[in-house]
Amino acid sequence: MRGRFAVLPILWCCALASPAADFQRDIRPLLAKKCFACHGPDEHARQAKLRLDTFEGATGQDGGFPGIVPGNAARSRVVARITHESRPMPPSGEPLTGREVALVKEWIDAGAVYQRHWAFEKPVRREPAVRDASWPRNPIDGFVLARLEKENLRPSPEADRYTLARRLALDLTGLPPDPTAAEAFVRDTRPDAYERYAESLLASPHFGERWARVWLDLARYADTRGYENDGRRTVWPYRDWVVRALNANIPFDEFTIKQLAGDLLDGATEDDLIATAFHRNTLTNTEGGTDDEEFRDAAVKDRVAVTGQVWMGLTWGCAQCHTHKYDPLSHKEFYQLYAFFNQTEDSDKPDDRPTIKIGEASLPVMKELVPAARLTRIHERGSFLNPGEPVDCGVPQAFHSLPEGAPKNRLGLARWLMSAENPLTARVQVNRYWARLFGAGLVESEEDFGTQGSAPVHPELLDWLATEYVRLGWDTKALLKTIVTSATYRQNSDVTPEAYERDPYNRLLARGARFRLDAELVRDQALAVSGLLSRKMGGPPVMPWQPPGIWQVVYNSETWTTSEGEDRYRRSLYTFMRRSSPYPAMAAFDAPSGETCTIRRIRTNTPLQALAALNDPVSMESAQHLALRALKEGRSPAERLFRFVLARPPSAEETARILALHREAREELRRGGEDAHKLLRYSEVLYAEDRETAVLADARDATVEWRYTESDPGTDWAEAGYNDAAWSSGPGQFGHFEKPADDLKLRTEWKTENLWLRTTFDVPPGGVDKPKFVVRTNSAFEAWINGASVMSNNLGRNAYYEYELPQAALRPGRNALAIKVTRLGERGQIFDTGVVASRKLDFGKVRRKHADRAAWVVVANTLLNLDETVTRR
Amino acid sequence: MNPYLEALSHDTRRHFLERCSMGLAGMFLASLAKGEAPLAARQPHHEPKAKRVIYLHMAGSPSQLELFDWKPELVKYDGQNCPQHLLEGKRFAFIKGVPRMLGTPYKFAQHGGSGAWVSELLPHFATVVDDVTIIRSMTTQEFNHAPAQLFLHTGNPRFGAASMGAWATYGLGTENQDLPGFVVLVGGGNNPDGGKSLWGSGFLPSVYQGVQCRTSGDPVLFLSDPEGISRSMRRKTLDAVRDLNTLQQRRYGDPETAARIAQYELAYRMQTAVPEVMDISKEPAAMLEMYGAEPGATSFANNCLLARRLVEKGVRFVQLFQWGWDHHGSSRREDIRHDLPNKTRAVDQPIAALIRDLKQRGMLDDTLVIWGGEFGRTPMRENRGGSYGSFVGRDHHPYAFTMWLAGGGVKGGLNHGETDDIGYYIAKDPVTVRDMQGTVLHLLGLDAHRLSYPFQGLNQRLIGPTDEAKVVKALLA
């Protein structure tokens, strides 16, 4: 129970607490929080031989200290200790409040009855009982309404059709509705219009893309290996498999079994193998000098922890060093689970083997060693360097056993997770769907269903959904349809101050949910409403525009090269994810990096989000195209813009404010130099590389003669007017290698320590934009243009690499370039360079029509930044 | 309360109440109940000695044996085979078989009233040793860069935990709401090996993550108005955003909308405040000269001067990373004779200037400056692949390394801890990475054992789940 008693006294203590002490609701969470760390399941941490997590332990029947005398609080030592005047238990942290002490006494007096933690008992399906039968559309609503009736609250009315059109489209497909589709739904008078609309979205191929992103957070999906080098890894075929599987609506049990053990299925298909890449998303440390076994072990531990988190909502990872302090998982049991994952071939190798070929790509997959070759031992204190007693595969004792006939391998474990006896898997998964649709789970701590987690506000609803999912044969789309067609989901999200005060987080569900869109949705929405979004699905990750200089990873010269054509505008799901350097505009909106399994994203609201949404060129580019789209489509751009962005018509006040902004913006743009043209041609301004040409070719494209010398030319050699007639002359590349790589074009030998180079190049009369050096060298160098130092670098990345030059460094007409190179390499050296720059855009005069149109771009930029725009309501 | 704080407090209370276990974050709840912003300055656990931190991380790990830990005995053994007992049961990154011992080629001398031994590579630093506590007895448990950096900064060698600066701003907030509370400056041409997680917020809310300020391009990503949008146009759009959001809040009633209005206004103020603080061109020439800083350049000197400007403006935690100290001896660029002097030349003068500058402004007393790498380097010469080439360097060494602290409640002129005669093991007063983390938080007025955040069923802490971290009392002034 997180936060409730402390922070919402009115709601939770008075309104909700029933008079009798309830073990599940009141006592276990209290004992878990205050006592279990020293008096819980972990025998190594146990103090005073007192154990309070079981009846036998608390009463001393297990041979330990009897802290509790059932039926007699006054004679129970535990009561004496928690009420001790000078040194009350617990020894650190806040002592129990008077109310908490009273609860404990009451519970002991009533017999100190222990019950299993609610989440470890199988869900029980009950039918809801309500007074008002007119509101519920399905059993979900019955449970919600029953609770509201208890609190004397009423549900909110159904949201209007525009709101529902946008809400459903964003929730189910991750994209805003097309205004035409929204309008058609609004005008659809058939009684099942809503169901039809929901079904069409569930059938959309974008459904899979949206829900794949949810799943990939759990899979810690990324396109690189992590750690220092963080080099590329091909995992996108797995991402595409997830999209396909979700669109094909394969049952969740099958979805699970394929990912955990597809390779162990009889007659495993290529898809079954691809699915196993789920657990190959663990990090690989290719940093020089690492112990591969250390990081293989880290990956195996991660697989155990992630499996527990994702399917059972349990923090198994806590037991890798010692027995879990709160939940029933011993240190030994952790390694019994570890044993399931300890027989795969992968071993932290830089080539990611074992892999399978998918077309050109090599996808890392799970493959069992045959015969099993590793003996699993307990790791004392969690360190693989301290192996202890050997253990065999096994599941935790506190839960059901492996199903009859299940093999003792990953396949058996996967079947155990999906077994009808498992009390958690269905609950955890339906809670996840609920959380994505309502902003918070029925169990708020999605990542922890253990004794430290929060209890469900609607336990019967959770259990009904869990049993319903199983009854539907794990049919995900059917379950989602049940949820989104409920009256609960369809409620209006507007809130009055009184209602907000009463239930600020809407845990009772007396209104619809309202929460900020996920990072990917913020970007995809902007692209979609502007008409830029590409609907192309699948394939290798793409690189939309990001600010230069984000990728600076040690010992890795890979560059972010902006994709071309529609790949600039693909859904965010397809954006290249580098773990050490996440895509910045999405990181600002709390997107995970893929370094760890993210069960739920913590939503924040920061100025950096405002900066990204206002100023990110990609957002600005969307504004340009959005405005032009609105101008093309109708007479009232204000209304069109509003309908595109928010899928609803504006109010009169909103229209007036937009028109005022448009007027002010138009006036300024009329006077404002080239701004109007820049806004109307923003994409062209942004993608300067599309206009890029070589002003000085490097050795790949041409043979350019340089003046060079290997002896120190003295002082003024870098000046424009220096006379280099006495120097030698030769073409790049310069250098020498004992064993030259195939792609080298060494044309002038240079073997000594230093090299001085000079040449000239011409810049067109109008000047150029965004000049860059293109350099390939493993040496240090310093460069001067027209006598002014423009850059120095000693990183030596032996591949052609671009370095931005100051705009002012180049002047129209002839420019003199001088470079000093200093050898760093041991087995060879190379230097080659060229200069590229972009043609300047030719803007004409700003006329009234330009200013008028560009002012709509300003308006579009504004609308893309509204709170309602980045919110799903 | 100003409207911004008022609006934000809604969001913040809501946010915190959603996330924090009862009792566990009581301190924060108490202050948030008063309606403070997530980064509003907060009361520490106890009276702090340091109000702010400048952490200078030398990524790659400089050799303590060339800079601080003078070992004449090791020089005597130079070139001899390493004794077997120092190799048995050890894991090295690159050393294979039996390496040779390596004495330093550099001269050392004693400096200041404390008689601190400092190498000739650090002539400027040698002049400020009396303001510094040098700890020659640091140890860590990791010997690869990325895990060791993660362990040092987040308390966990794997990914997912929160960094020291994030903990500091979570615990203390910051003094200037127009600037980020935790600023990161990266130098040396590469991000540090552990990547952006070294200044990430991990399981803490992302408002606490470090904001990277850059010396080329936008000082903060997306800070500048895009092409075609002038300052006055930006103001016009923000006014419209505010008005339209207000209309919508009236209609829908969600306080989150008010929070967003406030964030947009804050963003607008940051657009002015950040470039101002990042512009060193208005510093007096003598100041630039003292640091060796140059407006427009990308250098460690500039970053040191920026660090001072940032803390002066109320930033809580400034983290510098300077990459390039991984001197294995596998190439000229990794050679302790050829390249280490380049690296020390780039940092020595700015570091001394930073300490002197803080001192003359009266800020050193409550500004903690921390310097160090993520582990040490071996007393043996590295023999990558089992043989020696023409370059000289040392392998990674977790058992002993040097860090130093200055100001912020730390003694000046103290030499703490010793290694053995050859600098292999700690001989006296070992200080672990966890001790260092506990001590830094202690100086900031935070109890490292109490500063926690509930995540995955545990009260997560910078110092990890066990209670091994201790405050190194001997360092405290």
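The values are calculated or read from the model by the stated rules, or taken from the named source; none is laboratory data. Here the structure is a predicted model, which is why all the values come from computation and not from measurement. A quick note on method: Cβ atoms are made from the backbone with ideal geometry, for glycine too, and the neighbour counts reach across all protein chains shown. Note: accessible area is taken over every heavy atom of the protein model, side chains too, but ligands, DNA and RNA are not part of it. Shrake-Rupley method; radii C 1.70, N 1.55, O 1.52, S 1.80 Å.
Determine whether region B:423-446 contains at least one residue that is assigned to a loop (DSSP other than H, G, I, E, B), surrounded by fewer than 23 Cβ atoms within 10 Å (Cβ to Cβ) and free of Cβ contacts under 8 Å to residues at least 12 places away in the same chain. For region B:423-446, residues assigned to a loop (DSSP other than H, G, I, E, B), surrounded by fewer than 23 Cβ atoms within 10 Å (Cβ to Cβ) and free of Cβ contacts under 8 Å to residues at least 12 places away in the same chain: absent.
Just one of (1) open to solvent by less than 10 Å² (accessible area, probe 1.4 Å); (2) facing chain A (nearest Cβ under 8 Å); (3) among the polar types (S, T, N, Q) fails for B:Ser232. It is (1).
Can you name the residue in region A:597-608 that is among the aliphatic types (A, V, I, L, M) and open to solvent by 20 Å² or more (accessible area, probe 1.4 Å) and, of all such residues, is nearest to the other protein chains (Cβ to nearest Cβ)?
This residue is A:Ile602.
Of all residues in region B:19-68, those being open to solvent by less than 40 Å² (accessible area, probe 1.4 Å), of a type outside the set (A, V, I, L, M) and modelled with pLDDT under 95 number 10.
The residues of region A:466-477 that are open to solvent by 10 Å² or more (accessible area, probe 1.4 Å) and small (Gly, Ala, Ser) amount to a single one, A:Gly473. Applying the criterion of at least 1 residues that are among the charged types (D, E, K, R) and open to solvent by 60 Å² or more (accessible area, probe 1.4 Å) to the strands (runs of 3 or more DSSP E) found wholly in region A:691-784 leaves A:705-709, A:754-763, A:768-777. Among all residues of region B:145-163, there is none that is within 13 Å of chain A (Cβ to nearest Cβ), of a type outside the set (Phe, Trp, Tyr) and over 26 Å from A:Gly288 (Cα atoms).
Regarding B:Phe159, is this residue aromatic (Phe, Trp, Tyr), part of a loop (DSSP other than H, G, I, E, B), over 30 Å from A:Ser792 (Cα atoms) and touching a Phe, Trp or Tyr at 6+ places or on another chain (Cβ under 7 Å)? The answer is no for B:Phe159.
Out of A:Asp392, A:Asp463, which single residue is of a type in the set (Asp, Glu) and either touching a Ser or Thr at 6+ places or on another chain (Cβ under 7 Å) or surrounded by fewer than 19 Cβ atoms within 10 Å (Cβ to Cβ) (or both)?
That would be A:Asp392, the only listed residue that is of a type in the set (Asp, Glu) and either touching a Ser or Thr at 6+ places or on another chain (Cβ under 7 Å) or surrounded by fewer than 19 Cβ atoms within 10 Å (Cβ to Cβ) (or both).
I'd like to check something: does region A:828-838 contain any residue that is open to solvent by 50 Å² or more (accessible area, probe 1.4 Å) and modelled with pLDDT under 95? No.
Screening B:Ala301, B:Ala285 for residues that are out of contact with any strand residue (DSSP E or B) (no Cβ under 6 Å at 6 or more places or on another chain), touching a residue at least 40 places away in the same chain (Cβ under 8 Å), more than 8 Å from chain A (Cβ to nearest Cβ) and of a type in the set (Gly, Ala, Ser) leaves exactly one candidate, B:Ala301. When you scan region B:349-362, do you find a residue that is open to solvent by 20 Å² or more (accessible area, probe 1.4 Å), within 14 Å of another protein chain (Cβ to nearest Cβ) and not in a helix (DSSP H, G or I), even just one? Looking through region B:349-362, none of the residues is open to solvent by 20 Å² or more (accessible area, probe 1.4 Å), within 14 Å of another protein chain (Cβ to nearest Cβ) and not in a helix (DSSP H, G or I).
In region B:167-181, of all residues being under 24 Å from B:Thr272 (Cα atoms) and outside any loop (DSSP other than H, G, I, E, B), the one that is modelled with the highest pLDDT corresponds to B:Thr169. Residues that are within 11 Å of chain A (Cβ to nearest Cβ) and either of a type outside the set (S, T, N, Q) or not in a loop (DSSP other than H, G, I, E, B) (or both) within region B:132-144 comprise B:Glu142, B:Phe143, listed in sequence order. Residues that are facing chain A (nearest Cβ under 7 Å), at positive phi and in contact with a Ser or Thr (Cβ under 7 Å, 6 or more places away or on another chain) within region B:186-205 comprise just one, B:Gly195.
Taking only pairs six or more apart or across chains, which ones have beta-carbon atoms under 6 Å, a first residue in region A:811-823 that is open to solvent by 60 Å² or more (accessible area, probe 1.4 Å), and a second residue that is aliphatic (A, V, I, L, M)? Here the result reads A:Pro812/A:Val763, each pair linking region A:811-823 to a residue that is aliphatic (A, V, I, L, M).
Conditions (1) more than 21 Å from B:Ile229 (Cβ to Cβ); (2) touching a His at 6+ places or on another chain (Cβ under 8 Å); (3) within 7 Å of chain B (Cβ to nearest Cβ), marked per residue:
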site	(1), (2), (3)
A:Ala591	yes, no, no
A:Glu595	yes, no, yes
A:Ala610	no, no, yes
A:Pro617	no, no, yes
A:Pro649	yes, no, no
A:Arg670	no, no, no
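Out of B:Arg309, B:Arg260, B:Arg269, one residue alone is more than 14 Å from chain A (Cβ to nearest Cβ), more than 26 Å from A:Ser789 (Cα to Cα) and either part of a helix (DSSP H, G or I) or modelled with pLDDT of 95 or more (or both). It is B:Arg309. Out of the residues in region A:373-401 meeting the condition of being of a type in the set (A, V, I, L, M, F, W, C) and farther than 20 Å from A:Phe295 by Cα, tell me which one is farthest from the chain's Cα centre (by Cα). Only one residue tops the list, namely A:Val391. Tallying residues that are open to solvent by less than 10 Å² (accessible area, probe 1.4 Å) and away from chain B (no Cβ under 11 Å) within region A:447-456 yields 0. With respect to the conditions (1) part of a loop (DSSP other than H, G, I, E, B); (2) modelled with pLDDT of 95 or more; (3) within 14 Å of chain A (Cβ to nearest Cβ), B:Leu122 falls short on a single one, namely (3). Residue count for region B:293-317 satisfying the condition of being over 14 Å from B:Val274 (Cα atoms) and either aliphatic (A, V, I, L, M) or surrounded by fewer than 21 Cβ atoms within 10 Å (Cβ to Cβ) (or both): 9.
Yes or no, residue by residue, for (1) without any contact (Cβ under 8 Å) to a residue 24 or more places away in the chain; (2) assigned to a loop (DSSP other than H, G, I, E, B); (3) closer than 17 Å to A:Leu96 by Cα; (4) in contact with a helix residue (DSSP H, G or I) (Cβ under 9 Å, 6 or more places away or on another chain):
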residue: A:Ala37; (1), (2), (3), (4): no, no, yes, no
residue: A:Ala45; (1), (2), (3), (4): no, yes, no, yes
residue: A:Leu52; (1), (2), (3), (4): no, yes, yes, yes
residue: A:Gly57; (1), (2), (3), (4): yes, no, no, yes
residue: A:Gly60; (1), (2), (3), (4): yes, yes, no, no
residue: A:Pro66; (1), (2), (3), (4): yes, yes, no, yes
residue: A:Pro70; (1), (2), (3), (4): no, yes, no, yes
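For the condition open to solvent by 20 Å² or more (accessible area, probe 1.4 Å) and at pLDDT 95 or above, A:Asn409 qualifies. What are the pairs with Cβ atoms under 8 angstrom where one residue, in region A:492-506, is under 17 Å from A:Pro157 (Cβ atoms) and more than 7 Å from chain B (Cβ to nearest Cβ) and the other, located anywhere, is at pLDDT 90 or above and open to solvent by 50 Å² or more (accessible area, probe 1.4 Å)? Sequence gap at least six, or different chains. Once the first residue is under 17 Å from A:Pro157 (Cβ atoms) and more than 7 Å from chain B (Cβ to nearest Cβ) and sits in region A:492-506, its partners that are at pLDDT 90 or above and open to solvent by 50 Å² or more (accessible area, probe 1.4 Å) give A:Asn492/A:Pro157; A:Asn492/A:Glu158; A:Asn492/A:Asp160. Of all residues in region B:182-196, one or more are in a helix (DSSP H, G or I) and either closer than 19 Å to B:Leu56 by Cβ or open to solvent by 10 Å² or more (accessible area, probe 1.4 Å) (or both).
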